[in-house]
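One structure is given below, encoded as structure tokens.
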Amino acid sequence: MIKAYVRLMEDMWKPSGSTHSVGSVSPTDFKYYISRYSRHFVGTREQDAHEFLVYLLEGLHEDLNRVREKKKRFIDCGDEVETISATDKAKLSWERYVECDNSAIIDIFMGQLRSALKCKKCGYVSNTFEPFLALSLPIKQSGSQVSLSDCFKLFSHEETLDGDNKPKCAKCRTRNPCTKQMSIQKFPKVLVIHLMRFKHGTSSKLNTQVSCPMSGLDLCQFTTAAGCSDATYSLYAVSNHSGTPLTGHYTAYAKHPYSKQWHIFNDSRVTSISQSAVNSSEAYLLFYELQGQCLSS
């Protein structure tokens, strides 16, 4: 997959005055290559951009993985009382992860989530840490427009697990009501945000406009990791979906890494747009880079 991707990037970045330059590039060959390895993407049916992106990143990672000897992955069942701090457990979990998966894709796109379960009976807190390539955020349904910060607050909102959802407390050894809270433990250099516009198993779509800051997106308030000082992001690309879950159309906005000019990519047409036009109710995937990294270049 990496060779096909490199060929696509070379075609896209050919200088406009070169002998082999073209007005637009069709990723037909790249699409064909991916279809050979995943029947899910065969044909011309509309596919979900989020699913495709994760599949692409995972495929590129497999080709670039620095770990050539496959190791058995450690699985934390969370059924034992923790004897180390949450910070140390997060570090240990990350070290165990990169023992099996370690590539440029991991370096750039992979973050780490923390799920904290607190038993309402004894107060014991159990922590689980999971890697993520794209962060799926729910959209707050309160009017025609919400902020991206509202989505993060909803994502990290503490919820109560009771009834049939009661988990087993590792300390009490019984199923008790608990609270659950999600937070970001480790921030990636490039943060991909998936706005959850589609309801699974239904044909409905949320068209709420999510106001996204172009720069200065400070996410330190959404981590429980100690000493957060470097979690400010700038937007550099957006994948848009118009239409319904059953039939629709994808376009993209992207900021040129050198000129900083925003463009809209609509099939074979590429035109310049103003920065003010980037925020829309069709935004589906947001691409943010850690300020000062300049990774989009």
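The values are calculated or read from the model by the stated rules, or taken from the named source; none is laboratory data. Small disclaimer: the values here were computed from a predicted structure and weren't measured. Every residue, glycine as well, gets a Cβ built from its backbone with ideal geometry; the counts of neighbours run over all protein chains shown. Just the protein is used for accessible areas: all its heavy atoms, side chains included, with ligands, DNA and RNA removed. Shrake-Rupley method; radii C 1.70, N 1.55, O 1.52, S 1.80 Å.
Numbers at a glance
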read-out	value
Protection-proxy order for peptides 272-279, 165-172, 149-156, each taking the mean of Cβ atoms within 10 Å per residue, highest first	149-156, 165-172, 272-279
Projected area averaged over orientations for the range 146-222, convex hull of C-alpha atoms, nm²	7.7
List 179, 174, 28, ordered by accessible area with a 1.4 Å probe, largest first	28, 174, 179
Prolate/oblate/rounded label for the chain (Cα gyration tensor, a/c 1.5)	prolate
Of all accessible heavy-atom area on the range 92-197, the percent that carbon and sulfur account for (1.4 Å)	46
R0 of 30 Å, Cβ-Cβ distance residue 267-residue 3: FRET efficiency to nearest 0.05	0.75
Per residue solvent-accessible surface (Å²) - the range 208-297, probe of 1.4 Å	48
Residue 63-residue 39 pseudo-label distance in nm [points 7 Å out on the Cα-to-Cβ vector]	2.3
Point-to-point label distance, residue 165-residue 220, nm (Cα→Cβ direction, 7 Å offset)	3.2
Between helix 49-64 and the chain: long-axis angle, C-alpha atoms, 0 to 90°, nearest 10	90
Set of aspartates and glutamates with alpha-carbon distance to residue 71 below 16 Å, sequence-local pairs under 8 removed	62, 95, 99, 101
Cα-centred dipole magnitude for the range 197-297, charges only on beta-carbon of K, R (+1) and D, E (-1), debye, nearest 20	280
Cα→Cβ-extended label distance, 7 Å offset, between residue 120 and residue 14, nm	6.4
Å² of accessible area per residue within the range 37-196, as computed with a 1.4 Å probe and no ligands counted	56
18 Å Cα-Cα reach of residue 168 towards lysines, excluding residues that sit fewer than 8 places from it in its own chain	118, 120, 121, 180
The chain, dipole about Cα centre (Lys/Arg Cβ +1, Asp/Glu Cβ -1), debye to the nearest 20	540
Degrees, to the nearest 10: 86-98 long Cα axis against longest axis of the chain	50
